[in-house]
Amino acid sequence: MSNKSSNWDERYANPEYYYGIEPNSFLVSQRELFFKGANVLCLAEGEGRNAVFLAKLGCKVTAVDGSQVGLEKLAKLAKQNNVEVTSICSDLSIFLIEENSWDFIVSILCHLPSELRKIVHDRSIRGLRKNGFFILEAYTPAQIPLATGGPKDPDMMPTLSMLKPELAGLKFILEKEINRNISEGIGHEGESAVVQVVAQKISLDSSK
């Protein structure tokens, strides 16, 4: 996701779900971590496929995105699946993540300029409760020649070596860069170069 809401409003204006209605498969692979009643924050959630999936697991999900059009489609998808998702329309540059409030923060293909990404990651670390998890999948710069989705600006595409210091307050449980097939609507289709992270907040002191 870039942080330009007008561009995303235009992309989401079509009745078809741009990234489909099925959840991201990496997120699905981590489903055993989630528990009923968990407070989950989904960053740059767009049309809601991942938020709805987590709500169906019994989580209390809040989705933040800069596109009101996307969030309206999220509400429609949630209703179709008989679940509730709290949505907040906000640019991530100004969205303040409440400290010590979330059991999970989910960042799936949320692509931000590197300086803003560092700020959002710092806020995310502070926002997690003790033993909470940060779950991320993002395209790396190796994705650009593959041209199967994601931004064209490498500054918005983190590598694992970039994420390690940005998430230094967390203990990495899973960390890898891989090429894998992603099939998500018309927006993501084909071989993809991604970084995947599952990291846990062991201490309330984010410096540890």
Original post:
Any residue at all in the range 56-66 that is of a type in the set (A, V, I, L, M, F, W, C), surrounded by 23 or more Cβ atoms within 10 Å (Cβ to Cβ), under 16 Å from the mean Cα position of the chain (by Cα) and within 28 Å of S192 (Cα to Cα)?
Top reply: yes
Residues in the range 120-144 that are aliphatic (A, V, I, L, M), surrounded by fewer than 21 Cβ atoms within 10 Å (Cβ to Cβ) and not in a helix (DSSP H, G or I) total 1
*Yes or no: L116 touching a residue at least 60 places away in the same chain (Cβ under 8 Å) and either outside any loop (DSSP other than H, G, I, E, B) or in contact with a Pro (Cβ under 7 Å, 6 or more places away or on another chain) (or both)?*
yes
Item to complete: Could you tell me whether the range 70-81 includes any residue that is out of contact with any Cys (no Cβ under 8 Å at 6 or more places or on another chain), within 20 Å of M157 (Cα to Cα), surrounded by fewer than 15 Cβ atoms within 10 Å (Cβ to Cβ) and of a type outside the set (G, A, S)?
Response: no
Test: residue in the range 11-33 that is closer than 23 Å to V198 by Cα, hydroxyl-bearing (S, T, Y) and free of Cβ contacts under 8 Å to residues at least 60 places away in the same chain: yes
Would you be able to say whether some residue in the range 45-52 is out of contact with any Leu (no Cβ under 7 Å at 6 or more places or on another chain), touching a residue at least 12 places away in the same chain (Cβ under 8 Å) and more than 28 Å from S114 (Cα to Cα)?
-> no
The one condition L116 fails out of (1) at pLDDT 95 or above; (2) closer than 30 Å to N14 by Cβ; (3) surrounded by 15 or more Cβ atoms within 10 Å (Cβ to Cβ) is (3)
Screening S87, S93 for residues that are under 26 Å from K56 (Cβ atoms) and either among the small types (G, A, S) or at pLDDT 95 or above (or both) leaves only S87
Of those in the range 131-173 that are in contact (Cβ under 8 Å) with a residue 60 or more places away in the chain and of a type outside the set (V, I, T), the residue farthest from S114 (Cα to Cα) is N131
Note on the range 82-118: residues within 15 Å of V40 (Cβ to Cβ), out of contact with any Cys (no Cβ under 9 Å at 6 or more places or on another chain) and among the charged types (D, E, K, R) are E84, E98
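The values are calculated or read from the model by the stated rules, or taken from the named source; none is laboratory data. Since we're looking at a predicted model, the values are computed, not measured. In this analysis, Cβ positions are derived from the backbone assuming ideal geometry, glycine residues included, and neighbour counts consider all displayed protein chains.
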